[in-house]
């Protein structure tokens, strides 16, 4: 199977027995890995070992193969947007205060 088509594995949550599970899986992988193994088979062995650790650790493996890249807005852009929103709010209060009948919350 194409390595890019396999579901992404989550980070292992370490609990008391995780270290012993990893040790057992590493022993098994050491016996299976040789110097002349193709890279695809090596990847499959390591992926299977990681999936086994997650399964024994009772962690869920998602079936989603797509990576969700949510573009994060840079900090400077958020700060500018917040300042603009704050200034617009103040302008709205000032224009409401200048109108003929301002609300009671504006005049406070």
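With the condition kept exactly as written, say whether any residue in the stretch 48-58 is modelled with pLDDT of 85 or more and within 18 Å of the chain's Cα centre (by Cα). Taking every residue of the stretch 48-58 in turn, at least one turns out to be modelled with pLDDT of 85 or more and within 18 Å of the chain's Cα centre (by Cα).
Contact map, the stretch 35-54: first residue more than 24 Å from residue 17 (Cα to Cα), second residue surrounded by 14 or more Cβ atoms within 10 Å (Cβ to Cβ), Cβ cut-off under 8 Å, separation 6 or more or different chains; pairs are 37/45. Exactly one residue out of 34, 73 is at pLDDT 85 or above, part of a loop (DSSP other than H, G, I, E, B) and either over 30 Å from residue 3 (Cβ atoms) or more than 23 Å from the chain's Cα centre (by Cα) (or both), and it is 73.
Close Cβ contacts (under 8 Å, 6 or more residues apart or on different chains) running from residues in the stretch 61-76 that are within 20 Å of residue 50 (Cβ to Cβ) and not assigned by TED's automatic domain parsing to the domain that holds residue 7 to residues that are at pLDDT 70 or above and not in a loop (DSSP other than H, G, I, E, B) comprise 61/51; 61/54; 61/55; 65/4; 65/5. Scanning the stretch 89-99 finds no residues that are modelled with pLDDT under 75, farther than 30 Å from residue 8 by Cα and outside any helix (DSSP H, G or I).
Only residues that are in contact (Cβ under 8 Å) with a residue 24 or more places away in the chain and farther than 22 Å from residue 6 by Cα were counted in the stretch 18-31, giving 2. Selection of the stretch 5-23 for residues being out of contact with any helix residue (DSSP H, G or I) (no Cβ under 9 Å at 6 or more places or on another chain) and not in a loop (DSSP other than H, G, I, E, B) yields 5, 19, 20, 23.
The values are calculated or read from the model by the stated rules, or taken from the named source; none is laboratory data. From a predicted model like this one, the values you see are computed outputs, not experimental measurements. As a convention, Cβ positions derive from the backbone with ideal geometry for all residues, glycine included, and neighbour counts pool all protein chains shown.
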